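Taking it in order: structure first as structure tokens, then the write-up.
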Amino acid sequence: MMRAELNSEAPNTAADILVFKKESRWKEIWRRLKKDRVAMMGLVIICAVIFLALAANLIVPYSTALKMNMKLRLAPPSAEHWFGCDGYGRDLLARCLHGSRVSLLVGFATSFATLLAGGMLGALVGYVGGKLDDLVMRALDIFSSIPDTLFAMAVVAAMGPGILNICIAISLTNIPGFVRMVRSSVLNIAEQEYIEASRAGGASVMHILSRHVLPNAVGTLIVQTTANVASMILTAATLSFLGLGINPPQPEWGALVSEGKEFLRTAPHLILIPGFMICAASFAMSVLGDGLRDALDPRLRT
Amino acid sequence: MSKPAVPLLRVKNLSVEYRSDLETVKAVNGISFFLKKSETFGLVGETGAGKTTTALTCMRLLPENTGRVTGGEIEFEGKKLLNLPESEMQKIRGERMAMIFQDPMTSLNPVMPVGEQIEEALKLHNEDNKTKDRIQKRVDEVLSMVGIPASRKCEYPHQFSGGMKQRVVIAMALVCEPALLIADEPTTALDVTIQAQIIEMIRELRERLGTAMIMITHDLGIVAQTCDNVAVMYAGKIIEMGTAEDIYLLSANHHPYTMGLFGSIPNLRTKARRLTPIPGLMPDPTNLPEGCSFSPRCFKKTSVCDEVSPGVYRNGTHRISCHLLKAENHWEAERQ
Amino acid sequence: MHRFILRRLLMMIPIIIGVSLLIFIIIDLVPGDPGSNLLGPGARQEDIDLMNEQLGYNYPLLQRYGVYMYNAVFKLDLGKSYSTKKPVFTEVVNRLPVSLTVAFNAIMFSLVFGVPLGVLSAVKQNTLFDRIPTGLALLLASQPAFLIGLVLMLIFSLHLGWFPVTGAASWKSYIMPMVALGLPHGGRQLRFTRSSMLETIRQDYVRTAKAKGAPPRRVIWKHAMQNALLPVITVAGNSFGVLIGSAIATETLFGLPGLGTFVVMGIKQKDVPVVTGGIIILAVIFSFVILAVDISYAFVDPRIRAKYSGRRG
């Protein structure tokens, strides 16, 4: 009886075994990640920030973030205005909440754009190699010779400020590094014998890329993308701080800090609160990235 | 056999574990052996049998974070090594006891000229204040001893072939004329022709210098060429030990694992049609079976093997840890 | 070795051409023409057209680029600023020392605490000596430099009055920018040093050194460190790009008259010659830093030295 049951559950085709293995791999990674208290803290923080950003409209309407009230100019935190008010008497809590929508959107959207564009290009040139590889890598050499923020500034200068333009600018600056990383891990994997075996078995390029190369590179991709979100939140904040980000009066964390710096002496909470949110989001993504890296490759830890 | 005089190295009931957050690997499980001056002792077994761990424990070079000695003692030249402070141990390493590692490709510092790496050992143990010239002369001497022209001492490891690198490693180990040399699979990473050269060289140098040696290998041929005494390890235990004659005498009693090892070597003289490999794999060291560790793979296994760990039986210099020997004449159980 | 450096310098030429062309093309998308910008809003259309004609604005993009680069390289002329009418090149030369001082100080500061603490935390892995520095490093690396700058300003200028808030009057003005830039950078440096060191102390040759009887201090600083430095150097070079980005924000915050402030002002005023010249100069400097890193590699690693200096080592 027991035996029969066991048999019915046992994987009996190659495909089943693959699925079975895949599931247990992710479960195993999740199990290890759960044990990492610092990484879990990061996950909780980032989930909370994302939740607040999504629910911003339910908590305070967007109009509150823009409504000026000179009577409340530079008001310190109070029961009514938890984070106080800014130089125009606008509620800082509302501005921070709605600002987080922009900051997180930029951070995540640029990371995913980089992941998609950089990942595909990297996999392609890594796998195809030859002249295409040479050409793309030389072009990327030029791209990456321009410091990230500087390049983003040039793009914003040409296209003007605005969320979409920032996203394009930041994504463009991060794609070269990502292409390089994916390319080298593809080259690494492509050298492995099982790829050779698969190719000898007559598998097509697309098949090998999607079945063997990508699943093996996916760990690196996830870790890098998580870390990217952290650094792109910082880049976006830096651009907005320089006044090259979004158009005022739209709130964004970096822009809030920039607006607050005039009142540094009288109302330091205007920079400390949005500044803290930038750090918290970036820190949370960084520890999550570290935790994921350790969970994906536990050999690195001991 | 009478008891030996003062042994150079005595390992008694040594047990070593590797602990990480996820698991505990029992690498060495209560092994004992000793080694006299100028003697060569062979430690044979499959990958993962605990040979290298034994060697590293003797040198006190176990990975600090994970490796842990859980029992037993090691006595070397009258000193209890496991209780020695680290500073004392540094004086022994390289000076009295040296080690040759498995992979010459990775065991040399890539950014330091080879001469300097050999010189370092001399400088570290320069109790009698040798002058710079004397040290340089000694480096040249030891290089030519291992067959490398002294003119190459300013070159970097990447400029040497694998075999040449292993010669450098050997020169480095022998430069202070240690009393004991531990060679951990010194030829595994090399081509077969180079292997023979290196083994021949080690043997010659050992005889010339009178150094005692522990030869760790999975190659029974190397053991036959070089060793006085041999121990066969399996899953962290010594399952058979004796003089080279004891082990290689086919008509004598052997542990089934040892017989399996010999069955796995191609032999042109016998007419066997095919090799007889040992079925199965070594047991998982995080979860060793009860009773005899070899019982799951043993072709002579009885019911007792799964339950009771076998004691050691002895016939002269020959010791075997197997229940089968209980019934044999001339073999008597040894007190633990 | 000389051949290697010469070859690397030659390889810089296409990179610099590519970089400047790319920037030139991007900035060319900025709306407006130089004539109306230079002459101001009240100018007559004929004068604007004439000015554009004189400046060569009516030629195709590639030709204008050619003329621009020819003037830049052979006449040291990067055009005139729309807003101040001063030559961009003089302005850049005057501001460059400020920016270089800020960047150099910050890098030195970050190396001084990042590398030793990184080594310490790798050697003492999983103890408090590891957890505290790495935790702190991650926290620092998650801060934008301008935020640290603001907090420093709040404490040390406004409350304690130790340092001036803005300007570049004396050496004192450079302290807070150095710390603001250096802290997050040092945090990154610490993390890279640690992971590189962790990798290295597991190498066989480190065990060989121990087997020789070398004391731990020698094993770490002599054998492991020299090897672990290689990736650290690379990262220090590459992250110079990140540093330039934060440096721009820091300069702006502390009102230092550096290249960063210059470019930011240029972008806000749509001052095309300023932006083009400033960004191209910064990008060229960055390329030279990367080159310096590549060359210093060869000094540390004999394998690379051998590869570049011909067949024999």
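A few remarks follow.
- Some residue of region A:290-297 being farther than 26 Å from residue C:157 by Cα and within 8 Å of another protein chain (Cβ to nearest Cβ): yes
- Scan of region C:52-107 for residues that are in contact with a helix residue (DSSP H, G or I) (Cβ under 9 Å, 6 or more places away or on another chain) and among the hydroxyl-bearing types (Ser, Thr, Tyr), ordered by number: C:57, C:59, C:65, C:68, C:81, C:82, C:83, C:84, C:99, C:101
- The test for being away from chain A (no Cβ under 14 Å) and touching a residue at least 60 places away in the same chain (Cβ under 8 Å) holds for residue C:233.
- Selection from region C:73-93 of residues that are surrounded by 13 or more Cβ atoms within 10 Å (Cβ to Cβ) and in contact (Cβ under 8 Å) with a residue 24 or more places away in the chain: C:78, C:79, C:80, C:81, C:82, C:83, C:88, C:89, C:91, C:92
- Of the residues screened, residue C:201 is not one that is more than 14 Å from chain A (Cβ to nearest Cβ) and over 20 Å from residue A:151 (Cβ atoms).
- Matching residues in region B:179-188 - criterion: being modelled with pLDDT of 90 or more and not in a strand (DSSP E or B): B:179
- Verdict on residue C:273 being more than 10 Å from every other protein chain (Cβ to nearest Cβ), in a helix (DSSP H, G or I) and touching a Lys or Arg at 6+ places or on another chain (Cβ under 7 Å): yes
- Pairs linking a residue in region B:43-61 that is at positive phi to a residue that is in a loop (DSSP other than H, G, I, E, B) and among the small types (Gly, Ala, Ser), with Cβ atoms under 8 Å and 6 or more positions apart or on different chains, are B:50/B:235; B:50/B:236.
- Any hit, region A:209-231, residues being within 14 Å of chain C (Cβ to nearest Cβ), among the polar types (S, T, N, Q) and in contact (Cβ under 8 Å) with a residue 60 or more places away in the chain: yes
- Just so you know, in region A:283-302 the residues that are in contact with an Asp or Glu (Cβ under 9 Å, 6 or more places away or on another chain), within 14 Å of residue A:220 (Cα to Cα) and among the charged types (D, E, K, R) include one that is modelled with the lowest pLDDT, and it is A:294.
- Some residue of region B:28-44 being part of a strand (DSSP E or B), under 28 Å from residue C:127 (Cβ atoms), out of contact with any helix residue (DSSP H, G or I) (no Cβ under 6 Å at 6 or more places or on another chain) and more than 13 Å from chain C (Cβ to nearest Cβ): no
- Enumeration of residues in region B:302-330 that are touching a residue at least 24 places away in the same chain (Cβ under 8 Å) and within 17 Å of residue B:257 (Cβ to Cβ): B:311, B:312, B:318, B:319, B:320, B:321, B:322, B:323, B:324, B:325, B:328
- Selection of region A:245-259 for residues being more than 15 Å from residue C:250 (Cβ to Cβ), in contact with a helix residue (DSSP H, G or I) (Cβ under 8 Å, 6 or more places away or on another chain) and touching a residue at least 40 places away in the same chain (Cβ under 8 Å) yields A:245, A:246, A:249, A:250, A:251, A:252, A:253, A:255, A:256, A:259.
- Residues (hydroxyl-bearing (Ser, Thr, Tyr) and either in a helix (DSSP H, G or I) or within 23 Å of residue B:47 (Cβ to Cβ) (or both)) located in region B:283-308: B:286, B:293, B:295, B:303
- Residue count, region A:260-278 (criterion: touching a helix residue (DSSP H, G or I) at 6+ places or on another chain (Cβ under 7 Å) and either closer than 18 Å to residue A:224 by Cβ or in a helix (DSSP H, G or I) (or both)): 10
- The one condition from (1) at pLDDT below 90; (2) within 14 Å of chain A (Cβ to nearest Cβ); (3) touching a helix residue (DSSP H, G or I) at 6+ places or on another chain (Cβ under 6 Å) that residue C:262 does not meet is (1).
- The residues of region C:94-119 that are without any contact (Cβ under 8 Å) to a residue 40 or more places away in the chain and either surrounded by 19 or more Cβ atoms within 10 Å (Cβ to Cβ) or aromatic (Phe, Trp, Tyr) (or both) amount to a single one, C:104.
- Region B:52-150 holds helices (runs of 4 or more DSSP H) entirely within its bounds, and those carrying 2 or more residues that are surrounded by fewer than 21 Cβ atoms within 10 Å (Cβ to Cβ) and within 14 Å of another protein chain (Cβ to nearest Cβ) map to B:86-92, B:114-124.
The values are calculated or read from the model by the stated rules, or taken from the named source; none is laboratory data. Small disclaimer: the values here were computed from a predicted structure and weren't measured. Cβ atoms come from the backbone with ideal geometry, glycine included; neighbour counts cover every protein chain shown.
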